[in-house]
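All remarks here apply to the structure that follows.
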Amino acid sequence: MHPAAKQIIETTREQFQLTDFYLESYDFLPHEANQIHLSMTWIPNGLAITDDLNPNGTVVIAVDIESKKLTEIIFVGKENRLPAELFPQVDNMESMIEWIEEQTQLEYGRQFKLVNETKEKIVFHAAVDNIRLFPGGTVTISFNEEGMLSSFYVHGMFADESQIQWEPFNLVDEVIYPLAKQHCKLIEVPDESTAAWKPYYVISSFLVSNQNPDTIIYFDQVENNLSYTPLDTILTWEEPSTEKFEKKEIDLKHVFTEEEAFQKEKVTDNNLPIPDDTAEKMVIEITNMLQKEFPNDSGRWRLTSVKRERGYLLARLDPATPTPRVLYPSLKLLIHPETLQVDNYVDTEALLDAFDFLADAEAVKVDVEAAAGHLCEHIEVEPVYVYDNQTKMYQLCGKVTSGSYAIDAVTGELSTIDE
């Protein structure tokens, strides 16, 4: 066992007083932002795994191997057998926040804030001076019926004031409304009550720079790593291939070896840009794959993006002809980064089969301009700090959304749909 892993395990045993538990297993798991966590499974003495299931009372604890911070704790069956004094109580928010601060080294009110509270679960969101980060981190803490902690998760990114330059939020309606109207679009959602697709107008969410209101930022620009490359290539071929495409076994690095985990080069840098010539070669290989697997689909697919993910290149294919339906055919191709050949793929066919019974949507009777004007009365503009992968800093933006509001494209009535 690597000395660093041994130290984390012993520290965890001592911190959570696991003297009546034995370490059943441990794994090194990839996490966001190129992190690796040591995930440990502790089982109460006298109990064992049956039918590949951990017994109730088992504790799964994950710790980041670099920061040594706790990132996850789960009690199987919500059965917490550890001493009650180790954890905060469900009815004491002050002690809960102090416990979270101790585990995460984050400061409440300056780096995270409360966003949702029930008797069973409490959720905090990454924030600087109460302005949320986007994309942001979350802290989620849950309790069982006895009021004992049953799970704790820390995910995503957090920041401090050194990464942010303070400025007053000054986006006004006169700036936002015209932009929101431009983002009004028609969608179709499945409606089981009528057994048909139902058309609605919604305002698609976007971000506006506080300093430069003419600058629109879309979610995929900030939610993806720096390798993300938007594309717009319709894939065609003259003749179908008589060869058969064979999927290859892939390793998305769901688990690392101990040696890999403690090497500096352990995680593939997903931020490396994808060269233009690599993208061009990928188009050829993707087309070759489609000729074999979908020989009659020439002109049906559009290559819309490619990015690095867990040692592979991940390409996305959408329909060449855009559809307003929120569920539509798509392919995700896993491409070997050296050979640039498609090793495997995932499609949405099984999901879409469940909606085959739906009839086509009624004809739209409402004008988009009228719908946009009505929806603008319900848009929300939330100040958020948006992460810039290039500068590693945050910029103040307005997050514009119409929430769950929509306009029925047939009747013109204001409605709500699930976000």
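The values are calculated or read from the model by the stated rules, or taken from the named source; none is laboratory data. This one's a predicted model, so the numbers in the text were calculated from it and none came from an experiment. Cβ coordinates were reconstructed from backbone atoms using ideal geometry, including for glycine residues, and neighbour counts include every protein chain displayed. With ligands, DNA and RNA removed, areas are computed over all heavy atoms of the protein, side chains included. Shrake-Rupley method; radii C 1.70, N 1.55, O 1.52, S 1.80 Å.
Criterion first (acidic (Asp, Glu) and open to solvent by 70 Å² or more (accessible area, probe 1.4 Å)) does GLU382 satisfy it?
Values: acidic (Asp, Glu): yes; open to solvent by 70 Å² or more (accessible area, probe 1.4 Å): no.
So GLU382 fails the test.
For the subset of segment 389-417 comprising residues that are open to solvent by 30 Å² or more (accessible area, probe 1.4 Å) and free of Cβ contacts under 8 Å to residues at least 40 places away in the same chain, which member is nearest to the chain's Cα centre (by Cα)?
Applying the filter and picking the extreme gives SER404.
List the strands (runs of 3 or more DSSP E) that sit entirely inside segment 376-419 and contain at least 1 residues that are among the basic types (Lys, Arg) and at pLDDT 90 or above.
Answer list for segment 376-419: 393-401.
What's the total number of residues in segment 27-45 that are out of contact with any Pro (no Cβ under 8 Å at 6 or more places or on another chain), farther than 18 Å from GLN103 by Cβ and modelled with pLDDT of 95 or more?
Count: 2.
I'd like the residue in segment 218-242 that is of a type in the set (Val, Ile, Thr) and surrounded by 15 or more Cβ atoms within 10 Å (Cβ to Cβ) and, out of all such residues, is nearest to ASN288 (Cα to Cα).
So the first thing to find is which residues in segment 218-242 are of a type in the set (Val, Ile, Thr), and the list is 222, 229, 233-234, 236, 242.
Imposing the further condition that a residue be surrounded by 15 or more Cβ atoms within 10 Å (Cβ to Cβ) reduces the set to 222, 229, 233.
On the way: VAL222: 32, THR229: 21, THR233: 15 Å.
Ranking the candidates gives THR233 first.
Being in a loop (DSSP other than H, G, I, E, B), free of Cβ contacts under 8 Å to residues at least 24 places away in the same chain and open to solvent by 20 Å² or more (accessible area, probe 1.4 Å) is the requirement here; does PRO322 meet it?
Working: in a loop (DSSP other than H, G, I, E, B): yes; free of Cβ contacts under 8 Å to residues at least 24 places away in the same chain: yes; open to solvent by 20 Å² or more (accessible area, probe 1.4 Å): yes.
So PRO322 passes the test.
Kindly check whether there is at least one residue in segment 109-127 that is in a strand (DSSP E or B), touching a residue at least 40 places away in the same chain (Cβ under 8 Å), within 16 Å of VAL384 (Cβ to Cβ) and open to solvent by 60 Å² or more (accessible area, probe 1.4 Å).
no
Conditions (1) among the small types (Gly, Ala, Ser); (2) assigned to a strand (DSSP E or B); (3) open to solvent by 50 Å² or more (accessible area, probe 1.4 Å), marked per residue:
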{"residue": "ALA279", "(1), (2), (3)": "yes, no, no"}
{"residue": "MET282", "(1), (2), (3)": "no, no, no"}
{"residue": "LEU290", "(1), (2), (3)": "no, no, no"}
{"residue": "VAL306", "(1), (2), (3)": "no, yes, no"}
{"residue": "LEU313", "(1), (2), (3)": "no, yes, no"}
{"residue": "TYR328", "(1), (2), (3)": "no, no, yes"}
{"residue": "LEU333", "(1), (2), (3)": "no, yes, no"}
{"residue": "LEU340", "(1), (2), (3)": "no, no, no"}
{"residue": "TYR345", "(1), (2), (3)": "no, yes, no"}
